[in-house]
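After the structure tokens below, expect a handful of questions from me.
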Amino acid sequence: MPELSHTIKILVRFNEADPLGIVWHGHYIRYFEDGREAFGKKYGISYLDFFQENVVVPIVHAECNYKKSLKFGDTVIVETTYHPCEAAKIIFTYKLYREADNSLVATGTTTQVFLDKDTQTLLLNTPSFFDAWKKQQGI
């Protein structure tokens with residue numbers, strides 16, 4: 001199956017670093033979120049689209065493998081890739097690079113499931129609007 005990817009750049013802000021100037025580990029997960037939001041904007045599938053269809057997509061699994069530290073003032077390149085699957089879930093993988101030397105600083109993955117917005121019950125099938133989106137993307 002084909003995969004869709006999108007890349008963004010983020011300047012590491014002062015409030016993301018500890019007193020030594022090193023980015024706190026939890027912000028790497030936030031960079032994943034920034035990547036997902038930018039991916040959705042590029043490919044026309046945002047969190048609001050889900051919400052308007054009465055669906056929410058919480059993360060049920062997140063994993064981050066740290067390779068090198070980012071520091072205040074670095075620019076991080078976030079590569080977000082959607083991995084299609086037959087199950088009723090959304091899987092993204094991430095690669096974070098330091099722009100200055102193009103070194104890989106972290107990799108990761110997230111898994112999201114579909115819930116009914118009102119009842120918070122798990123949807124066992126992929127919502128039809130998401131299936132239509134995948135078809136539109138050639139997936």
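The values are calculated or read from the model by the stated rules, or taken from the named source; none is laboratory data. The model shown is predicted, which means the values in this text are computed figures rather than measured ones. When we count neighbours, we look across all protein chains shown, and the Cβ atoms used for this are built from the backbone with ideal geometry, even at glycine.
Only one residue in A88, A17 is within 30 Å of F130 (Cβ to Cβ) and either touching a residue at least 40 places away in the same chain (Cβ under 8 Å) or surrounded by fewer than 18 Cβ atoms within 10 Å (Cβ to Cβ) (or both). Which one?
Matching residue, one of A88, A17: A88.
Another question, if that's okay. When you go through Y94, Y82 one by one, which is the residue that is in contact (Cβ under 8 Å) with a residue 12 or more places away in the chain and in contact with a Ser or Thr (Cβ under 7 Å, 6 or more places away or on another chain)?
After ruling out the rest, the residue left standing is Y94.
Within the set of pairs 6 or more residues apart or between chains, which connect a residue that is without any contact (Cβ under 8 Å) to a residue 60 or more places away in the chain inside the stretch 102-115 to a residue that is of a type in the set (S, T, N, Q) and buried (at least 17 other Cβ atoms within 10 Å of the Cβ) with Cβ atoms less than 6 Å apart?
Hits for this filter: T109/T93.
For I29, are the conditions met, namely being at pLDDT 95 or above, surrounded by fewer than 18 Cβ atoms within 10 Å (Cβ to Cβ) and within 27 Å of L115 (Cα to Cα)? Outline the logic, then answer.
Details: at pLDDT 95 or above: yes; surrounded by fewer than 18 Cβ atoms within 10 Å (Cβ to Cβ): yes; within 27 Å of L115 (Cα to Cα): yes.
Judged against the criteria, I29 is a match.
Could I ask something else about it? Could you grab me the full set of residues in the stretch 30-59 that are farther than 14 Å from W133 by Cβ and assigned to a loop (DSSP other than H, G, I, E, B)? Talk me through it step by step, then tell me what you get.
Taking the stretch 30-59 first, the residues farther than 14 Å from W133 by Cβ are 30-38, 51, 54, 56, 58-59.
Across the stretch 30-59, the qualifying residues are N54, P58.
With the requirement that a residue be assigned to a strand (DSSP E or B), of a type in the set (S, T, N, Q) and under 19 Å from F39 (Cα atoms), what does the stretch 97-139 give you?
Selection gives T107, T109, T110, T111, Q112.
Of the residues I77, I59, which single one is under 12 Å from the mean Cα position of the chain (by Cα) and either within 20 Å of L123 (Cα to Cα) or at pLDDT 95 or above (or both)?
I59
Oh, and also: Conditions first: (1) in contact (Cβ under 8 Å) with a residue 40 or more places away in the chain; (2) more than 30 Å from T119 (Cβ to Cβ); (3) among the charged types (D, E, K, R). K42 passes all but one, so which condition is the exception?
Failing condition for K42: (1).
Which condition number does H27 fail, the rest of (1) more than 23 Å from L123 (Cβ to Cβ); (2) part of a loop (DSSP other than H, G, I, E, B) being met?
(2)
A follow-up question, please. Could you please tell me which pairs satisfy a Cβ distance under 7 Å, a separation of 6+ or placement on different chains, a first residue in the stretch 66-79 that is at positive phi, and a second residue that is at pLDDT 95 or above and not in a strand (DSSP E or B)?
As it stands, the answer is G73/V12, since those pairs meet every condition given.
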